[in-house]
Amino acid sequence: MIMENDTSKKESKIPNLRTLKSDSSEYIKKKNISMLDMVATESKRKASRAASRTEKNTKNSFLKIFILLLFLMSLIATGAAGYLIVKQKTKKEPKVSIFPSPVISPDSERKISADEIPQIIEEKIPDGELRYFPVVKKSEEGMKILTTIDFFKSIGVSPPVGLLNSLGNRFYLFVFSSSANEPVFVFKVTSYENAFASMMRWEKNIFSDLGGALGINKDDIKKSTFKDIEIKNRDARELFGENGDKLMAYSFIGKKYLVISFGEKSLEEIFRRFSSPRYLNE
């Protein structure tokens with residue numbers, strides 16, 4: 001009798017032990033659903049939570065990238081602004097060259113002083129080459145190119161005053177190498193009529209004046225004569241010696257430039273370069 005009571009007590013306690021399996025079975029009975037339905041529902045729930053987490057992570061990633069781009073753009077803008085400010089502060093006025101390009105392009109160039117002018121006759125220059133010799137002097141600012149008036153003073157030559165007043169400040173001294181070195185001067189003209197008349201008056205002394213400064217001497221200079229000629233379809237005046245030697249010539253180009261040469265070949269080369277846009281620097 002006592003054993004039956006103990007057994008009944010144990011049996012009455014068993015239903016009180018709840019497990020996940022028993023709860024699931026009870027829930028299935030009450031809701032009238034199958035185990036497969038429960039698994040499918042749980043899978044959907046997990047998938048939904050995973051999708052939500054993925055979407056959240058994606059939004060966070062885009063946000064981080066956007067913030068990083070803004071940061072980089074701000075750095076670039078700040079750097080560019082700083083560069084412009086520094087550049088503006090350190091910006092200097094461009095230096096003006098004291099040796100501007102000659103009116104026509106030469107093949108080579110060498111700076112000389114007035115004392116070196118007689119040496120250019122002996123300069124080693126390849127045949128067919130036109131070399132430019134800017135005549136310079138020392139100044140407080142460094143080397144400075146001579147003006148027309150300073151040039152004539154430095155070589156001890158005194159052209160007619162009317163000619164000096166008719167020429168610009170710039171002049172160009174070239175040497176063209178043919179069978180010999182032929183010096184040639186190019187002067188900017190400010191008054192063609194006065195320059196032409198002054199050159200006619202200077203004809204009796206120009207060869208001894210300029211030729212002497214260049215180291216060119218001829219014994220028959222006293223019997224020399226200037227004549228009108230035409231070179232490369234341009235009018236010119238040429239000095240002929242007693243024996244018919246061609247000593248020098250001069251011509252005007254477009255009433256803007258006076259060319260004085262010590263040889264026909266150099267005068268022809270100057271004409272050729274003035275006629276070619278390739279060489280003209282105006």
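The values are calculated or read from the model by the stated rules, or taken from the named source; none is laboratory data. Since we're looking at a predicted model, the values are computed, not measured. Heads up, the Cβs are rebuilt from the backbone with ideal geometry, glycines too, and the neighbour counts pull from every protein chain shown.
The rows are residues; the columns are (1) aromatic (Phe, Trp, Tyr); (2) modelled with pLDDT under 95; (3) not in a helix (DSSP H, G or I).
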| residue | (1), (2), (3) |
| --- | --- |
| Met143 | no, yes, yes |
| Gly156 | no, yes, yes |
| Gly162 | no, no, no |
| Arg170 | no, yes, yes |
| Phe174 | yes, no, yes |
| Ser179 | no, yes, yes |
| Val186 | no, no, yes |
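Exactly one of (1) of a type outside the set (Asp, Glu); (2) buried (at least 18 other Cβ atoms within 10 Å of the Cβ); (3) at negative phi; (4) in the same structural domain as Pro159 (by TED's automatic domain parsing) is unmet by Tyr279. Its number?
Condition not satisfied by Tyr279: (4).
On the given criteria, is Asn217 surrounded by fewer than 15 Cβ atoms within 10 Å (Cβ to Cβ) and under 22 Å from Ala114 (Cα atoms)? Spell out the reasoning first.
On the way: surrounded by fewer than 15 Cβ atoms within 10 Å (Cβ to Cβ): yes; under 22 Å from Ala114 (Cα atoms): yes.
So Asn217 passes the test.
Filter the stretch 176-193 for residues that are aliphatic (A, V, I, L, M) and more than 15 Å from Arg272 (Cα to Cα) and give the result. Before the answer, list the steps.
As a first pass, look at the stretch 176-193 and keep what is aliphatic (A, V, I, L, M): 180, 184, 186, 189.
Of everything in the stretch 176-193, those that are aliphatic (A, V, I, L, M) and more than 15 Å from Arg272 (Cα to Cα) turn out to be Ala180, Val189.
So in the stretch 191-213, with the set limited to residues that are crowded, with 20+ Cβ neighbours inside 10 Å and touching a strand residue (DSSP E or B) at 6+ places or on another chain (Cβ under 8 Å), which one is nearest to Ile253 (Cα to Cα)?
Ala195
Taking the stretch 119-141 only, how many residues are assigned to a loop (DSSP other than H, G, I, E, B) and in contact (Cβ under 8 Å) with a residue 12 or more places away in the chain? Let's see the steps before the verdict.
If we filter the stretch 119-141 for residues that are assigned to a loop (DSSP other than H, G, I, E, B), which is where we start, we get 123-129, 133-134, 140-141.
With the extra rule that they be in contact (Cβ under 8 Å) with a residue 12 or more places away in the chain, the set shrinks to 123, 125-129, 133-134, 141.
Total meeting the criteria: 9.
Here's a check for you: in the stretch 142-160, which residue that is exposed (fewer than 14 other Cβ atoms within 10 Å of the Cβ) and touching a residue at least 24 places away in the same chain (Cβ under 8 Å) is nearest to Val189 (Cα to Cα)?
Ser158
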